[in-house]
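Asks: Could you have a look at this structure, given as structure tokens, before my questions?
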Amino acid sequence: RSTLFPYTTLFRSPQWLFGSSRYAMLSDGLVVFAYTSHGLDSIGVRGPDGVIRDLDLGYTSVRCLRGFGSDSVVLVGGSMEAERSVARVRLTRDGNLADHATLRPARVLAELGVPPELISIPETIELPSAGGRCTHALLYHPVNPDFYGPDGARPPLLVDVHGGPTGSALPELYLETQ
């Protein structure tokens, strides 16, 4: 545990998922890594001074991260409001963000004919589990303004629970769930 990672975190993916990487070692001692905390992914950098910095890039799901040259990583990431995209992140020598460029953008909902008001942005929730631990889940509330349930009835409920480590609920826009 540290001040950056006060809760249980996951820095790796299952060993049987070939071709995926959650970290990259760059020149000058920089280590860039994806980690999961409370069911959401983030990106951190360990600088040559040993200090760990969190890069706030807006991704809640990072599927792959690879070194690119001496000062950059390329990653596949998404968020609860956007499908996966491919991006390049360039760092300074001390591990701070120099720039962040999208190489392959996510699909735009308007191009797919999906109105934004029909997209349910999930709420992250924690459920108690065995041994005093907790399970992280994504709760999708109904959002379609054209449909209402009968008075006094509860709306439909979709909870996407982490079934991992191989098949986890991804905290990113996934049109099949919508």
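Asks: Just to verify a result, which residue in segment 156-177, among those that are at pLDDT 80 or above and open to solvent by 70 Å² or more (accessible area, probe 1.4 Å), is farthest from the chain's Cα centre (by Cα)?
Replies: Of everything passing the filter in segment 156-177, Glu176 is farthest from the chain's Cα centre (by Cα).
Asks: Within segment 96-150, work out how many residues are of a type in the set (S, T, N, Q) and touching a Lys or Arg at 6+ places or on another chain (Cβ under 6 Å).
Replies: Summing the residues that are of a type in the set (S, T, N, Q) and touching a Lys or Arg at 6+ places or on another chain (Cβ under 6 Å) in segment 96-150 gives 0.
Asks: Sticking with this structure for a sec: Please find, among Gly95, Gly149, Gly131, the residue that is surrounded by fewer than 14 Cβ atoms within 10 Å (Cβ to Cβ) and assigned to a loop (DSSP other than H, G, I, E, B).
Replies: So the residue among Gly95, Gly149, Gly131 that is surrounded by fewer than 14 Cβ atoms within 10 Å (Cβ to Cβ) and assigned to a loop (DSSP other than H, G, I, E, B) is Gly149.
Asks: Residues in segment 111-125 that are in contact (Cβ under 8 Å) with a residue 40 or more places away in the chain and in a helix (DSSP H, G or I): how many?
Replies: 2
Asks: Please determine, by comparing only the residues of segment 36-55 that are under 18 Å from Val74 (Cβ atoms) and not acidic (Asp, Glu), which one is farthest from the chain's Cα centre (by Cα).
Replies: Val45
Asks: Can you pull out the strands (runs of 3 or more DSSP E) entirely within segment 1-87 that have at least 1 residues that are surrounded by fewer than 19 Cβ atoms within 10 Å (Cβ to Cβ) and at pLDDT below 85?
Replies: Hits in segment 1-87: 31-37.
The values are calculated or read from the model by the stated rules, or taken from the named source; none is laboratory data. As the structure is a computational prediction, the values presented were derived from the model and not from experiment. Every residue, glycine among them, receives a Cβ derived from its backbone with ideal geometry; neighbour counts consider all protein chains shown. In case anyone asks, the SASA skips ligands and DNA or RNA and just uses the protein heavy atoms, side chains included. Shrake-Rupley method; radii C 1.70, N 1.55, O 1.52, S 1.80 Å.
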